[in-house]
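What follows is a set of notes on a single structure, which appears directly below.
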Amino acid sequence: MDKAKEKEIRQWLIKAKHDLGSAKCLIAGEVKFLDTAVYHCQQSAEKSLKAYLTFKDTPFQKIHDLSVLVEQCTELDVAFQKISNVSEILTPYATAFRYPGDVLEPEYSEALEAIHLAENVLVFVMERLPAEINEV
């Protein structure tokens, strides 16, 4: 694999890990920011999937719909069917709590679930990448 491609994949993974770390910080403090925490979980999963698609030289749209990204990944590796349910839960968090509305933020249990799911997606993707790429 050429160095430019490897660098791009690593950058996607770094951004995915940063989003996941941000989400964890946002719910760990005395004051919790659940709305932005779940947003970062969606972002982490999105960037993880885009890292995999980059690894597979598969172009993707600039979208936040995880179901489309999971479907693209599944076409390359049927094992991605195992995480298809993640898209239903995390995709709405890209916009659900970003603006004023009837519900300003999710429940704490939803934020914990989102973190768990985003973490699972990141690990799932990393298991399918060469070990040297995962050293970020």
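For TYR93, TYR108, what ranking results if the residue with the fewest other Cβ atoms within 10 Å of its Cβ goes first?
With the sparsest Cβ surroundings first, the list reads TYR108, TYR93.
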Notebook entry, point to check: What list do you get for LYS7, LYS62, LYS47, LYS56 if you sort them by fewest beta carbons within 10 Å?
Noted result: LYS62, LYS7, LYS56, LYS47
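How long are the semi-axes of the equivalent ellipsoid of the stretch 3-126, defined as square roots of 5 times the Cα gyration tensor eigenvalues? Whole Å, largest first. Numbers along the way, then the final one.
On the way: eigenvalues 127, 46, 30 Å².
The three semi-axes for the stretch 3-126 are 25, 15, 12 Å.
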Checklist line | Folded to 0 to 90 degrees: helix 66-76 orientation relative to the chain principal axis, Cα | finding: 20
Next item on the list: Compute the Cα gyration tensor for the stretch 1-69, then decide on rounded, prolate or oblate, letting a ≥ b ≥ c be the square roots of its eigenvalues: rounded whenever a/c is under 1.5, prolate when a/b is larger than b/c in the other cases, and oblate in all that remain.
Entry: oblate
Margin query: So if I place +1 on the C-beta of Lys and Arg and -1 on the C-beta of Asp and Glu, and nothing else carries charge, what would the dipole magnitude of the stretch 3-126 be about its Cα centre? I want it in debye, nearest 20.
Written below: 720
Item checked: Rounded to whole Hz, the Karplus (6.51, -1.76, 1.60) HN-Hα couplings of the stretch 57-63, x for glycine and proline -> 6, 10, x, 9, 7, 7, 10
Check: How high is the FRET efficiency between GLU107 and LYS24 when r is their beta carbon distance and R₀ equals 22 Å, given to the nearest 0.05?
Finding: 0.85
Next item on the list: Going by C-beta contacts inside 10 Å, put TYR52, TYR99 in order with the fewest on the left.
Entry: TYR99, TYR52
Notebook entry, point to check: Per the helix-only calculation at 222 nm, which mean residue ellipticity applies to the chain, given -39500 (n - 2.57) for every DSSP H run of n ≥ 4 and division by its residues, nearest 500 deg cm²/dmol?
Noted result: -21000 deg cm²/dmol
Next item on the list: Would you compute, for the Cα atoms of the stretch 53-107, the largest minus smallest coordinate along each principal axis and list the three values in descending order, in whole Å?
Entry: 40, 23, 13
Check: Could you give me the ³J(HN,Hα) list for the stretch 104-120, computed from phi with Karplus coefficients 6.51, -1.76, 1.60 and θ = phi - 60°, whole Hz, x at Gly and Pro?
Finding: 7, 7, x, 6, 4, 4, 5, 5, 4, 4, 4, 4, 4, 5, 4, 5, 4
Item checked: Dipole axis of the chain (+1 Lys, Arg; -1 Asp, Glu on Cβ), positive-most option in ILE9, ILE63, GLY21 -> ILE9
Item checked: Relative contact order %, the chain, counting alpha carbon pairs below 8 Å whose residues are six or more apart -> 33
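Throughout, read-outs are computed from the coordinates displayed, never taken from laboratory work. Quantities reported herein were computed from a predicted structural model and do not represent experimental measurements. Neighbour counts are summed over all protein chains in view; Cβ atoms, including those assigned to glycine, are modelled from backbone coordinates with ideal geometry.
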